[in-house]
1. Anything over 20 Å Cα to Cα? Flag those among K411/K434; K331/K380; K33/K472; K380/K416; K33/K380; K240/K272, in the order listed.
2. Which percent of the accessible area of the stretch 350-434 is formed by carbon and sulfur heavy atoms (probe 1.4 angstrom)?
3. Can you give me the convex hull volume of the Cα atoms of the stretch 281-388, divided per residue and expressed in Å³?
4. How big is the gap, in Å, between the Cα center of the stretch 378-428 and the Cα center of the stretch 121-193?
5. Show log10 I(q)/I(0) for the stretch 364-504 at q = 0.21 Å⁻¹, two decimals, from a solvent-free Debye sum over equal Cα scatterers.
6. Angle, helix 313-323 long axis vs. longest principal axis of the chain, Cα atoms, 0 to 90°, nearest 10?
7. Magnitude of the Cβ-charge dipole of the stretch 250-380, K/R +1 and D/E -1, about the Cα centre, nearest 20 debye?
8. Keeping all protein chains in place, calculate the accessible area per residue for the chain (probe 1.4 angstrom), answer in Å².
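The values are calculated or read from the model by the stated rules, or taken from the named source; none is laboratory data. Keep in mind the model is a prediction, meaning the values are calculated, not measured. Please note: Cβ atoms are built from the backbone with ideal geometry, for glycine as well, and neighbour counts cover all protein chains shown. These area figures cover heavy atoms from the full protein model, side chains too; ligands, DNA and RNA do not enter into them. Shrake-Rupley method; radii C 1.70, N 1.55, O 1.52, S 1.80 Å.
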Amino acid sequence: MDSATQTLQHRISVKLWPPGQSTRLMLVERMTKNFITPSFISRKYGLLSKEEAEEDAKKIEEVAFAAANQHYEKQPDGDGSSAVQIYAKESSRLMLEVLKRGPRIQEDEEVAATSDKGAATLANVFDISGGRRAFISGEEAEEVLKPLKVPGNLYTRICFSNRSFGLEAAHVTEPILLSIRDQLTEVDLSDFVAGRSESEALEVMNIFSSALEGCNLRYLNLSNNALGEKGVRAFEKLLKTQNNLEELYLINDGISEEAARAVCELIPSTEKLKVLHFHNNMTGDEGAVAIAEMVKRSTALEDFRCSSTRVGLEGGVALAEALGSCNHLRKLDLRDNMFGVEAGIALSRSLSAFADLTEAYLSYLNLEDEGAEALANALKECAPSLEVLDMAGNDITAKGASSLAACIAAKQFLTKLNLSENELKDEGAILIAKAIEVGHGQLNEVDLSINAIRRAGARLLAQAVVDKPGFKSLNINGNYISDEGIDEVKDIFKGLPNVLENLDENDPDGEDLDEDAKEEDEDTDNEDELESKLKGLEIKHEE
């Protein structure tokens, strides 16, 4: 008997149930910590007090233990692994219920105050963005903007998006904005000069900028205006007076290197900035360096998006290092850039600051195995409440899947996992399946499409998610699953219509597999042997 077989038999002989008292107490402590740690869920439903969190955590552990123990007593399976799975799943399910319930104790007057606040918020919003996208004439502007001219109006938030202002409409709007600018806190001017010539659009921007100069905004949206550097500087008077911005959106604005420098130059302070979005621009490396300077000063940043901005290695490293100053970051979206391995490694060094991170979108960054492994190893040690992990399209192979699986196994709050368009093959897919099979009670979406996965990997992925409460979508399309494998996977989900995504792009012949892989695909017994061997690999889950 070889040492590997002896080790495997020793593992099997270890009794996993019941857990010791120290393990049970540790679970209570971890649940308590999660209940009192701010997250997107707590921002929506409320944050529990420490006392209430401890009380709920103890009750959850007791209920989960009782359910698992009852199962073990009725159906003992030797090592108790199935009882451990029930213990983890039930704990996760009950935790989610408590998180969505929010604080149990709310005074009647607090509820009434919240209701009054909601009504007041609606009364404070002036929004003309509804309906079809259209030009607005001066006459129409006079009519549409009448409510803003009413003396004593309470509007603090205005949205002119989706209506194209020319010079005539801008001149009508100017005195109205001047009359209310001191009360404004949120301004949305996204897509408000569409279809205008450059000269007219720039003049309109200057008029609006002058009219809004000096207002004290927390929210400013200038997206979808093809600004470029000229457009950014057209808003100079408005931007230079903003010291308290909390949210800034410059999406699809043609933000070039020069425009990015202009933004960085004109905004005097970003100390209070929590949301900064630069999606779909032409920023490039030099522009990213300018944005990085802005990010470095934005220490309160919670949501940073710099996706599809043509950023390469130099800019990626600069952004990664700057993000190290943002220890309140909750959402990070760097998708669709050309970072490369070194930028991925640089980002991994900053990840330790992201204790509150709940969403990480890191797809199509050319990370390869080395960059992906560095990020996975770093993420494993931080971001305990991570809910979304997207690392699609990074040329990750089975080699990189090992670190990735260990990270995923530790993230018990994951709701969405996207690893599509990589090169995981069966070896990597099985590691990922083993990582998500225990616990992960909140997981509802998994995408491993286009990964050269065959029958064994597809089957284990299906088995890993099919019993998860509320699971919504498994996408394994575009792989190399045999016809028999497809039948097996469909049978696993036969009682769950619409959970298994379409398999119309699956290629059972696997045309670009190498010769060894083709031989394995022809021999299903070899697939089963591969699956059996990989089952011996350990993925450590949090207790």
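1. Beyond 20 Å: K33/K472.
2. That fraction is 43 percent.
3. 73 Å³
4. 45 Å
5. Cα-only, vacuum Debye calculation for the stretch 364-504: -1.29.
6. Value to nearest ten degrees: 90.
7. The calculated dipole for the stretch 250-380 is roughly 480 debye.
8. With the other protein chains kept in place, the chain gives 45 Å² per residue.
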